[in-house]
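Notes to accompany the following structure.
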Amino acid sequence: MQANELKIEIDFNKLGFEIVQTEWMYVSYFKDNKWDDGKIMPYGPIEIFPSANILSYGQGIFEGLKALKSKDNHILLFRPIENAKRFNISAERLAMPSFDNNKFLKAIEEVVLLNKKFIPPYNSGGALYIRPIMIGSGPMLGVAPANEFMVMIYCSPVGSYFNAEGSGIELLISKKYTRSSQGGTGYSKMCGNYAGILKPAKEAKKLGYDEVIYLDSIHMKYISEVGAANFCTIIDGKLVTPKRDGTILEGITLKSVLDLAKKELKIPVRERDISYEELFKPNCTEAFCTGTAAVITPIGSITYGKKRKEFNNKEPGEITKTIYNLLTSIQRLDKKDKYNWVEILE
Ligand code: PLP
Ligand code: COI
């Protein structure tokens with residue numbers, strides 16, 4: 001088996017968040033009630049029936065994690081076991097079979113090491129973004145779970161998700177659209193959750209914003225999260241983030257940030273309802289979003305109807321910078337990883 005050997009002509013310093021083709025991917029099939037052993041294949045198109053469940057009924061989930069280079073050229077993953085666990089939380093919500101955590105981790109390691117020439121160097125600040133997905137691939141006419149599934153894992157070198165990691169993004173609080181609701185699929189990384197936010201994001205971008213902040217669907221008042229990242233703000237010197245109540249994707253970056261704030265920086269953390277009105281008050285001094293793709297992205301401004309607030313002249317605030325530096329230096333092992341979050345692959 002041979003992959004198309006791709007010549008590397010990538011400018012690792014100029015990467016955004018677009019797919020760059022790499023050489024190898026992992027595929028595993030679920031048939032007759034069990035997963036096969038899985039195999040590595042050249043990255044390329046796959047065949048599925050038009051009647052595959054994913055195509056009509058959207059039975060599909062995904063994950064996202066990054067392989068990073070350390071200063072001394074080791075290849076690192078950040079808390080991949082958390083992605084493995086969340087993959088199964090999402091699978092359970094979508095009536096899909098669970099996928100063994102060790103198999104998931106091993107497959108990720110294989111995909112990363114086979115594609116290691118695509119991992120951006122330490123100095124570029126980039127990463128190899130790894131995308132595990134599971135789809136209902138079995139044919140289905142009535143609305144019911146598929147009986148065949150596929151897991152695929154591929155990767156792509158990436159730079160920053162928003163155009164400007166380091167300077168503040170401009171966010172629009174949506175009065176019109178919500179992302180999730182109680183009892184829904186918000187806590188899972190279900191593909192459809194992202195299909196539903198394409199139009200709101202497109203409209204916001206047309207108006208000059210980078211992304212949308214969603215509110216809760218009952219009151220249209222409390223902050224939920226940003227399209228593909230969690231939301232944090234600093235109010236009266238405390239780090240405040242929305243309660244993880246089943247409507248929010250429980251971010252691994254968020255969980256790490258909350259731990260670092262509490263344990264390392266001694267910043268009080270509050271998980272509670274945050275009304276959008278609070279963000280416009282003077283005691284709300286910083287805001288940022290967290291995610292694998294977003295890392296820690298400072299929020300430069302928020303807008304709700306005619307109300308607009310700029311944080312810190314759109315520059316990252318002091319606490320945001322401190323948290324960014326601490327998290328990213330642990331992720332690249334510039335600082336001691338005392339929580340054992342980082343896996344060294346090589
Ligand atoms: N919220 C949503 C909707 C996301 O898609 C993501 C990205 O995975 C996050 C939050 C952040 O999660 P994590 O920090 O695990 O990447
Ligand atoms: C991630 O941060 O890994 C995400 O999944 C966000 C993504 C939808 C780009």
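The values are calculated or read from the model by the stated rules, or taken from the named source; none is laboratory data. The shown structure was predicted, so the numbers you read here are calculated from the model rather than taken from an experiment. Heads up, the Cβs are rebuilt from the backbone with ideal geometry, glycines too, and the neighbour counts pull from every protein chain shown.
Of the residues 84, 95, 107, the single one that is modelled with pLDDT of 95 or more, away from ligand 2 (no atom under 16 Å from the Cβ) and closer than 23 Å to residue 186 by Cβ is 95. Any residue that is within 13 Å of ligand 2 (Cβ to nearest atom), crowded, with 19+ Cβ neighbours inside 10 Å and charged (D, E, K, R) - is there at least one of those in region 187-194? Yes, some residue in region 187-194 is within 13 Å of ligand 2 (Cβ to nearest atom), crowded, with 19+ Cβ neighbours inside 10 Å and charged (D, E, K, R).
Kindly indicate whether residue 220 is among the hydrophobic types (A, V, I, L, M, F, W, C) and on the phi > 0 side of the Ramachandran plot. For residue 220, the condition - among the hydrophobic types (A, V, I, L, M, F, W, C) and on the phi > 0 side of the Ramachandran plot - is met. Only residues that are among the polar types (S, T, N, Q), surrounded by 14 or more Cβ atoms within 10 Å (Cβ to Cβ) and more than 11 Å from ligand 1 (Cβ to nearest atom) were counted across region 173-184, and they come to 3. Considering only residues in region 197-214 that are within 14 Å of ligand 1 (Cβ to nearest atom) and surrounded by 14 or more Cβ atoms within 10 Å (Cβ to Cβ), the one that is nearest to residue 170 (Cα to Cα) turns out to be 211. Please indicate, with yes or no, whether at least one residue in region 292-315 is within 16 Å of ligand 2 (Cβ to nearest atom), within 23 Å of residue 207 (Cβ to Cβ) and surrounded by fewer than 22 Cβ atoms within 10 Å (Cβ to Cβ). Among the residues of region 292-315, at least one is within 16 Å of ligand 2 (Cβ to nearest atom), within 23 Å of residue 207 (Cβ to Cβ) and surrounded by fewer than 22 Cβ atoms within 10 Å (Cβ to Cβ), which makes the answer yes.
Residue 313 satisfies every condition listed in (1) without any contact (Cβ under 8 Å) to a residue 12 or more places away in the chain; (2) under 22 Å from residue 222 (Cβ atoms); (3) in contact with a Gly (Cβ under 9 Å, 6 or more places away or on another chain) except (2). Answer yes if at least one residue in region 172-180 is of a type in the set (S, T, N, Q), under 30 Å from residue 31 (Cβ atoms) and either within 16 Å of ligand 2 (Cβ to nearest atom) or outside the structural domain of residue 211 (by TED's automatic domain parsing) (or both), and no otherwise. No, every residue in region 172-180 fails to be of a type in the set (S, T, N, Q), under 30 Å from residue 31 (Cβ atoms) and either within 16 Å of ligand 2 (Cβ to nearest atom) or outside the structural domain of residue 211 (by TED's automatic domain parsing) (or both).
Among the residues of region 235-248, those that are more than 21 Å from residue 280 (Cα to Cα) and either more than 15 Å from ligand 2 (Cβ to nearest atom) or in a strand (DSSP E or B) (or both) comprise 244, 245, 246, 247. Filtering 266, 262, 205 for residues that are without any contact (Cβ under 8 Å) to a residue 12 or more places away in the chain, within 16 Å of ligand 2 (Cβ to nearest atom) and under 24 Å from residue 320 (Cβ atoms) leaves a single hit, 205. Of all the residues in region 208-234, those that are away from ligand 2 (no atom under 16 Å from the Cβ) and in contact with a strand residue (DSSP E or B) (Cβ under 9 Å, 6 or more places away or on another chain) number 11.
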